[in-house]
Each structure stands twice: as structure tokens, then as C-alpha cells.
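J.: Could you have a look at this structure, given as C-alpha cells, before my questions?
Taken together, the values in this text are just the output of simple stated rules run on the coordinates, not laboratory data. Fair warning: this is a prediction, and the values are worked out from it, not measured in the lab. We place every Cβ from the backbone using ideal geometry, glycine too, and count neighbours over all the protein chains shown.
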Amino acid sequence: MTSPERRDELAANLADVRARIAAACAAAGRDPAEVTLVAVTKTFPASDVRLLAGLGVTHVAENRDQEAAPKAAETGDLTLTRHFVGQLQTNKTRSVAAYADVVESVDRPRLVTALSTAAVKAGRTLRCLVQVSLDEAEGRGGAAPADVPDLAAAIAAAEGLEPGGVMAVAPLGADPAPAFERLAGIAAALRSDHPEAGAISAGMSGDLEEAIACGATHVRVGTALLGGRRAIVR
Ligand SMILES: *Cc1c(COP(=O)(O)O)cnc(C)c1O
């Protein structure tokens, strides 16, 4: 698709998503300025990142370093806050620390250590969110709720890292609202230990309304903004 057509499509999708966020905020009695839209651009080209930035998007996310690193390089001239939201192997932390501003998927102490070393080497500060597992029987990553306080403390103590809050993905095939309510409780406890760590990253294309009702400060939206992704076999 040529750029002007793609630009129009992204502009229309962005207007729809912003309207959904505004309506959800109105329903929850919240100020839309409290909710940051993070565009999840995985599987889409750097040209889409550029178009979205031109349309006013300021936060973008990727979930695989192999894809994120070259895309960040191609769009390095843009002023964007770059989030990493995928499961992260420690051997990728050095690469991720070079371009990411926020790592939302911190779920184990070993990763805190590796990210800290990488951030110091890169001379950068990484904002780290603790990814919380809200689903007992899943494989999408995330720390058990009971482990969140220790992980947040480790992040706060680590050189080159700062605690940002929590991130979660709603359980597959279940009502997201109770899960997001649990997350809000976990987030409140974390914030009482680390007042600066107020982010609650929850809600995607299908459940951003429920997340905003439960206090989400960041919604991570892919499909509703960019369209359907081709399945990636991993
Ligand atoms: C892909 C992805 C999203 C976006 O999902 P959509 O349903 O396409 O909006 C959000 N969060 C994470 C962690 C993702 O991997």
C-alpha cells in the first residue's frame, strides 16, 4: 500500500482508538491525559512507525529484539519513547538497552541484573515495569504477584534502572476485568513502596476499556491501530 493511503488508514484507526480511550475515560471519570497510548508496531514496517509519529503518536512498542533493533535504527531520527514488551532473554539485554526507554516485561531477578549491567554500559537509564502474571496456567511470562515487591526493590536498587510500575496481559479467554482489578491492587502496593512507580500498563485492542476502568495509565494497542498481523511461528 502506498504511503498516502496507509497514512489515511492509520489516521482513521488512530482517531477510533483515541475516541475509545476518551469514552472509557469519561465512563470512568478519568482525565484522558492520564492514559498514554502505546502503539505496538510489531510485524509492521518502520514506515508505519514513521507515519504514526507524524500523526502524533509518541510511544511505540516492540516485542522481539531481532525486529525492534533494526526498526529503532531506521526511525532513530524520531523523538519517540520506545517500549519493549516481549519476553526478554538475558543475552538480548545489551541490544535492548541501546534503544529502549521502557522495558515492560521484567519478570525475574536475573533479568534485572542483566538489564542493569547493560544500561550502565550503554550509559542509559531504563524505566522498568514488573510484568505480572494474572493467569496461573499460562506461558506468556510474568512474575507471580507474590514476587512483585522483591523484583521492584531489586529494580530500585539497580544502577541504571528505575522502577516504573507494572504491566500485565489479561488471561486468555477469561473476563479481563477481575484480572485488571487484581493488577490495580498489586500496583497500589508497589506504589506505596515506590511512589515514582505509578505506571499500570494494561489493556490491548480488545480490552482497553476494561483496563482504563481499572486504572490503566498505559494501553498497548496493536491490531486496532495497524490492522491484523500475520501469525508468526516461533
Ligand atoms: C502484541 C501485543 C500487544 C498488542 O496487542 P493487540 O491485541 O494487537 O492490540 C500488547 N501487549 C503485548 C505484550 C503484545 O505482545
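J.: Filter segment 94-115 down to the residues that are under 20 Å from His59 (Cα atoms) and hydroxyl-bearing (Ser, Thr, Tyr) and list them by number.
T.: Those that are under 20 Å from His59 (Cα atoms) and hydroxyl-bearing (Ser, Thr, Tyr): Ser95, Tyr99, Ser105.
J.: Now a separate question. I'm trying to understand the selection: among the residues of segment 26-56, which are touching a residue at least 40 places away in the same chain (Cβ under 8 Å), closer than 18 Å to Cys214 by Cα and under 19 Å from the mean Cα position of the chain (by Cα)?
T.: Of everything in segment 26-56, those that are touching a residue at least 40 places away in the same chain (Cβ under 8 Å), closer than 18 Å to Cys214 by Cα and under 19 Å from the mean Cα position of the chain (by Cα) turn out to be Glu34, Val35, Thr36, Leu37, Val38.
J.: Let me ask something else. Exactly one of these conditions fails for Ala224: (1) of a type in the set (A, V, I, L, M); (2) closer than 25 Å to Leu126 by Cβ; (3) surrounded by fewer than 22 Cβ atoms within 10 Å (Cβ to Cβ). Give me its number.
T.: Failing condition for Ala224: (2).
J.: Let me ask something else about it. How about segment 12-67: which of its residues are assigned to a strand (DSSP E or B) and not acidic (Asp, Glu)?
T.: Matches in segment 12-67: Thr36, Leu37, Val38, Ala39, Val40, His59, Val60, Ala61.
For every residue, the table says whether it meets (1) closer than 26 Å to Ala202 by Cβ; (2) within 16 Å of the ligand (Cβ to nearest atom); (3) assigned to a loop (DSSP other than H, G, I, E, B); (4) of a type outside the set (Asp, Glu).
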position: Ala73; (1), (2), (3), (4): no, no, no, yes
position: Thr79; (1), (2), (3), (4): yes, no, yes, yes
position: Arg82; (1), (2), (3), (4): yes, yes, no, yes
position: Asn91; (1), (2), (3), (4): no, no, no, yes
position: Ala97; (1), (2), (3), (4): yes, no, no, yes
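J.: Can you find even one residue in segment 189-212 that is in contact with a strand residue (DSSP E or B) (Cβ under 7 Å, 6 or more places away or on another chain) and on the phi > 0 side of the Ramachandran plot?
T.: Yes, some residue in segment 189-212 is in contact with a strand residue (DSSP E or B) (Cβ under 7 Å, 6 or more places away or on another chain) and on the phi > 0 side of the Ramachandran plot.
J.: Also, I was wondering about something else. Any chance you could count how many residues in segment 187-215 are more than 12 Å from the ligand (Cβ to nearest atom) and in a loop (DSSP other than H, G, I, E, B)?
T.: 7
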